[in-house]
1. Please specify each residue of the stretch 290-323 satisfying the condition of being of a type in the set (Asp, Glu) and crowded, with 20+ Cβ neighbours inside 10 Å.
2. Filter the stretch 327-341 down to the residues that are hydrophobic (A, V, I, L, M, F, W, C) and either in the same structural domain as Ser203 (by TED's automatic domain parsing) or modelled with pLDDT of 95 or more (or both) and list them by number.
3. Would you tally the residues in the stretch 162-173 being surrounded by fewer than 23 Cβ atoms within 10 Å (Cβ to Cβ) and in a loop (DSSP other than H, G, I, E, B)?
4. Which residue is modelled with the lowest pLDDT, if the candidates are limited to the stretch 266-284 and must be assigned to a loop (DSSP other than H, G, I, E, B) and among the hydrophobic types (A, V, I, L, M, F, W, C)?
5. Evaluate the stretch 176-195: report whether one residue or more is of a type in the set (Val, Ile, Thr) and touching a residue at least 60 places away in the same chain (Cβ under 8 Å).
6. If you go through the stretch 330-351 one residue at a time, do you hit one that is basic (Lys, Arg), free of Cβ contacts under 8 Å to residues at least 40 places away in the same chain and farther than 22 Å from Ala284 by Cα?
7. Regarding the stretch 272-292, can at least one residue be identified that is among the aromatic types (Phe, Trp, Tyr) and touching a helix residue (DSSP H, G or I) at 6+ places or on another chain (Cβ under 6 Å)?
8. Please give the strands (runs of 3 or more DSSP E) falling wholly within the stretch 174-245 in which 2 or more residues are under 24 Å from Glu303 (Cβ atoms).
Amino acid sequence: MQQRSVLTVPATPDHDYSAVPLAPRSTDSDAAQPPSTRSRGNGTASTPAPPVVAKVIRHHLTFKVNARRLAAQKVNARRLAAQNVILFLIPDVVLGADGAMRRREFITLLGSAAAVWPLAVTAQSPSRVYRVGSLITGTPIADDSPSGAALIRGLAEHGYVLNRNLMFEHLGAEMQLDRLPRLVEELVTSKKVDVIVAFGYPSALAAKEGTTLPVVSFTTGDPVGTGLVDGLARPGGHVTGISDVSAKITPKRLGLLKEMAPALRRVAMLWNAADPGMTMRYRAAEAGAKTRGIIVQPLPVREPKEFDQAFAAMNKHMPDAILMVHDALTSLNRKRVFEFVAAHRLPAIYEDDLYVRDGGLMSYGPDSNESLARVAALVDRILKGAKPAELHSSSRQSFGLSSTSRSPSRSVSRCR
C-alpha cells in the first residue's frame, strides 16, 4: 500500500496564500492520460510515484500538491517556513522506489524548515510593547486603584494586555507641583512613553509645556477655558481629553442638597484654589447656586494645612451644607472632611463616587468607569497613529448618583 505524507499549512484570516509556491496543476492533457502513461518530462512513460497530499486550508479551500513536482522545483524550505508551513507525518518511503523523493531527502527538507520556523513565528508575533505614562499631582496611580483598573479595562477592550503589549509608567508629584516638569522629563527620556495620560490641570499643563508627546487630559476642568486646547472639536496642538461639564450638573447637585435640607440657604464650597481648572469649576458651581438664591461660603485651599482654616471658618459661620470640588488635594484630605461633616451632622455632596465608597454621604457626577473608557479610546487612537489635534475633546455624558446605605434624613440635622 502506497504511503503518503501530509503537508499542512495553517490558515490565518489575513494570510495571502497566493505566494505559496505550490506545484502547477496538471494540465487537461495530463489529466486525461492514465497514471501509467503520463510523461515524466524526459519522453518516457513510467508508473508515477504516489503524491504527497498537501492541505492548504483557507476559507475551506483545499489544494493537492504533487510532492514530486515540489522536489523537482527545489522548493525553498525557508520560504515555506516563512509562510507558516508545518511538515509532519514522515513515512518510510515518501515517493516510492524511483527515487524522486526519499525519506532521507524529506527529513532534510523538514530539518531546514524547522530551523527557520522559530524565526518565522517571531516575525509574525506582535512584538510592539506600548508604554503609557500617567501623571498626577498627588500619589502615583496604582494599577489596582479604581482609576488604574478602569483605564486598564478600557484599553483591554482595544486589544491591549498589561505586561504583554502594554506597560504603564505611573508618576505622581505628591502635591509638590514644582516636581511636575521633572516628572514629565522622566516620562519622556527615561520611561520613553508613547503617550501621557494627565490627571488634573497642573499635570496636563506641565505635559503640554514640557513635551511634544501626545497628551490625554482627564479631570482638568474646562480645557478651553484654561487654555489647554483651542477648541473641543479641534483641540489643536498635542493635547486632547475629556472636557468638564460641571456647569451643567451643578444645579442637579444643589437640587439634591435641597431635597435633603429643604431650608437650605448657605452652602460652603471647598476647592483647590491652586488649580485653575478647579477654580473655574468652583465658579460654575457658585453661579449655579446664585441662580437658586443660595449663598455661597467660599473655602479655597491650596495645601493640606489650609483645611484647618476652612474648618475654623465653618465653625464660625456654620453652613447648611457642603459641596466639595474633586481633585487630588481634596481627595487626599477627604477623611478630614467626612469627620467634620459627621461631627456637625451636615449634608454634603461630592463630585466622584470615590468619596461615597470611603464614607461620604453622597455624590453626583460623571461615571468614572465610562469616562476612563473614553480616555482609553483616545489613547488607543493615538497609539494607532491619530493626532491629538484632530481628536475631538469629548464631554462626559453618563452621570450617576451614589449614596451611603444609611438614610440621609437620619444622618443630618435640620438646617439652621
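1. Looking only at the stretch 290-323, we keep the residues that are of a type in the set (Asp, Glu), and these are 303, 306, 308, 320.
Within the stretch 290-323, Asp320 is the sole residue that qualifies.
2. Matches in the stretch 327-341: Val337, Phe338, Phe340, Val341.
3. Within the stretch 162-173, residues that are surrounded by fewer than 23 Cβ atoms within 10 Å (Cβ to Cβ) and in a loop (DSSP other than H, G, I, E, B) number 3.
4. Of everything passing the filter in the stretch 266-284, Ala274 is modelled with the lowest pLDDT.
5. Yes, the stretch 176-195 contains a residue that is of a type in the set (Val, Ile, Thr) and touching a residue at least 60 places away in the same chain (Cβ under 8 Å).
6. Scanning the stretch 330-351, I find at least one residue that is basic (Lys, Arg), free of Cβ contacts under 8 Å to residues at least 40 places away in the same chain and farther than 22 Å from Ala284 by Cα, so the answer is yes.
7. Kept after step one, since they are among the aromatic types (Phe, Trp, Tyr), are these residues of the stretch 272-292: 282.
Right, trim to touching a helix residue (DSSP H, G or I) at 6+ places or on another chain (Cβ under 6 Å) and you get none.
No: the stretch 272-292 contains no residue that is among the aromatic types (Phe, Trp, Tyr) and touching a helix residue (DSSP H, G or I) at 6+ places or on another chain (Cβ under 6 Å).
8. Per the criteria, 195-199, 215-218.
The values are calculated or read from the model by the stated rules, or taken from the named source; none is laboratory data. Being a predicted model, the structure only gives us computed values, none of them experimental. Cβ sites come from the backbone with ideal geometry, for glycine too, and all protein chains shown count toward neighbours.
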